[in-house]
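Contents: one structure, followed by commentary.
What follows is calculated from the coordinates using simple rules that are stated; it is not laboratory data. If you're wondering where the values come from, they're calculated on a predicted model, not measured in any experiment. With ideal geometry, Cβ positions are generated from the backbone for all residues, glycine too; neighbour counts draw on all protein chains shown.
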Amino acid sequence: MKVTRRQTMAGLMGAAASLSLPGRLSAQAGPILHASWGGGVGDTWTGAFAGPFEAETGTSVRIVEVPNPEAQFRAQAGNPQYHTGIGTFVQGVNLMRDDMLETFDIEEIPAMKNIPEEYWLKTEDGRLAGITPYFAYYGIAVNTDEASIEDFSSWKSLADEKWKGRLGMTRPIYLSTYDLTILSKAAGGDEKNTDGGMKLLEGMSRNVLNVSNSLAQQNTMLERGEVAAMPFYSVRVWSLNEAGVDHVKIVIPDEGALLLPYVVVAPKGVSDRERVAEWLNFIASPEPQERGMEISGYIPANSEAEATDEIRAKLGMTFQEVKDRLYQPDWGYIAAHQKETVAEIDQMLANL
Amino acid sequence: MPRSARTALMLAPSALLMAVFVVGLVRLIWSSVVLDGQFDLAHYTAIFSRSDYVAMLGRTLRTAALTTLFALLIGYPTAYYVARYRGNRNVLLLLIIFPWLVSIVVRSYGWVVILGPRGLINSFLTWSGLTDRPAPLMYNDFSVVLGLVHVLCPFMIIAIVSVLMQIPRNLEEASMSLGGRPVHTFATVLLPLSLPGILTGTTLVYLMATGAIVTPLLLGGLGDTMLGTEIFQEVMHFFDYPKAAALATVLLVTALAIVLPIQLLERRVTRRLNGEGAP
């Protein structure tokens, strides 16, 4: 068979068009695409949010697991492939600051009225740039075969020399936002006054066995007792406990733990804006948040969400009692100064 | 179709690939030296004014050099054994490349199970009473080099095997029959002839070790951050591409400073072995 040049060109153009079709269709029709971290987070979103939303509205939501939703949003700026995605509050602030988020009026997402304003990600003119579905907290995870819970009743214990080589620690990128903030609070300062916190962080660093930002590795180290304790996420310990690992406990020290709100954001110029607003409103409502709590221990942000007796027993307190023991810093300030803080921590670690 | 047109058509894919590579490289360097449309070396000044970055660069080069050395020390005898194996050599080659079928994360993490504080070796040491607390076998530069040697050694072996297999066995036999001891035969016959493979393997392993991310991240300790890890952080967490580009350019230049002389040496050795330029 002889193929003419024109036929070859037509074939190539047809192939190119068909290859680009899924990308162009993805954010315009069909399911809502929600970018999520993998592992337990993706499962939570499928079970607690996407499934019930589809059952209630008929609109399907596909949870797409990616390593870092923020990176996806930035890479696709101007041509968003996802309708929504989840991030930490700091990531939300950074995206908002770079004008990469779609904003909404409170009347478009009325369920947000039941979420305390301190958890809102909003622009200077009061528009919503993100929805806070839930929060976790950052406390001290303790392997009770290696140490007692009382050993870590204060954040200052982490700097005690007796734990040399027995603690785990995350990377400077998270130390800058989480560890330093709560250690500063424990030292009498806050996110804007970190001198005392930096001293505690330096003390803790001297006790550290290794540094890792792999949550799976941190889980394993805690479970195997390679480290006795480390600052860690409440939801990770919750998952371990649910999986039958009962010798790892999360402690809220006397100075409190750090409240970690998460945000669901929509990229600027998102298509199907109305459907997205409906989806965001569902996320902000109490029922799916309660289901999220049951699945993975995320504490609902909606004030109308209630803890069942079982959940209350597992938490050891009510939602409100947990909230009362948590510290909510100025995440905007932390996000704005993150790079300098990471550089400061990097240099502190290099000179240990 | 004329022969020249056919040749051009066949070369087009590789030319395209090279063009993409070169354009990428130029853009990388460009983005590191242009700030707001102006030529500016601010990123480089910032890098070299920070003592932790300078130390990190030194650590990266040192780790890569040690990794290359140990990969060569392990890889050469292994490659020799494979090249001279009289049975089914393909089975051995398959065993060497078999680890590539497993994710680098799993391969690196496997060392935690062996060397970690609750790993096989430490469990034995504490069980037998030889030590009363776990020995620091992990989360230091030792474990990083060990993990990198494990991951990169196959590249060294394959590079050397391919050359050793071209060396006729009777050259060694001739040397031995003329009274050459094994060490002398190795030093005067085998080593010079296999030098191109050694240099290729060295280049490959060194370059990959300088840019390593996963292994140092999983097996390194508090003070073992390498430049590759830092670039990863700048791209994935801060989205600071110009700074990442500057760090990558520094890595590229320092790696080239080592690799280019190796390449020149390799070319010279190959020419000599082929009898070119001989007096």
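A P(r) calculated from all alpha carbon pairs of chain A, with 20 Å bins opening at zero, reads 29, 53, 15, 3, 0 percent. Placing +1 on the Cβ of every Lys and Arg and -1 on the Cβ of every Asp and Glu, with nothing else charged, gives the protein assembly as shown a dipole about its Cα centre of roughly 4200 debye.
Dipole check for chain B: with +1 at the C-beta of Lys and Arg, -1 at the C-beta of Asp and Glu, and the Cα centre as origin, the magnitude is about 960 Debye.
Ranked for footprinting exposure by Cβ neighbours inside 10 Å, fewest first, B:Leu16, B:Leu101, B:Leu164 give B:Leu101, B:Leu16, B:Leu164. Summarising the label geometry, the points placed 7 Å from Cα in the beta-carbon direction at B:Ile167 and B:Val26 lie 4.3 nm from one another.
In percent, rounded to a whole number, the relative contact order of region B:61-271 is 27, using alpha-carbon pairs under 8 Å and six or more apart. With K and R counted +1 and D and E -1, the other residues having a Cβ less than 13 Å from that of A:Asp105 yield a net charge of -1. Going toward the positive end of the dipole of the protein assembly as shown, with +1 on Lys and Arg Cβ and -1 on Asp and Glu Cβ, which of B:Leu193, B:Val33, B:Gln233 do you reach last? Final value for the positive-end residue is B:Leu193. In percent, how large is the relative contact order of chain A, given Cα pairs closer than 8 Å and 6 or more residues apart? Computed value for chain A: 25 percent relative contact order. Ordering A:Glu290, A:Glu70, A:Glu146, A:Glu310 from the fewest to the most neighbouring beta carbons within 10 Å gives A:Glu310, A:Glu146, A:Glu290, A:Glu70. As a rough footprinting exposure proxy, the listed residues A:Val41, B:Val54 were ranked by other beta carbons within 10 Å of their own, and the order from fewest upward is B:Val54, A:Val41.
For region A:127-263, what does the relative contact order come out to in percent, with C-alpha contacts under 8 Å and a separation of six or more? Walk me through the intermediate numbers first.
Values: 255 pairs, mean separation 61.9, N = 137.
The value is 45 percent.
Counting every alpha-carbon pair across chain B, the share separated by more than 36 Å comes to 32%. To one decimal place, what orientation-averaged projected area in nm² is obtained for the convex hull of the Cα set of the protein assembly as shown? It is 39.2 nm².
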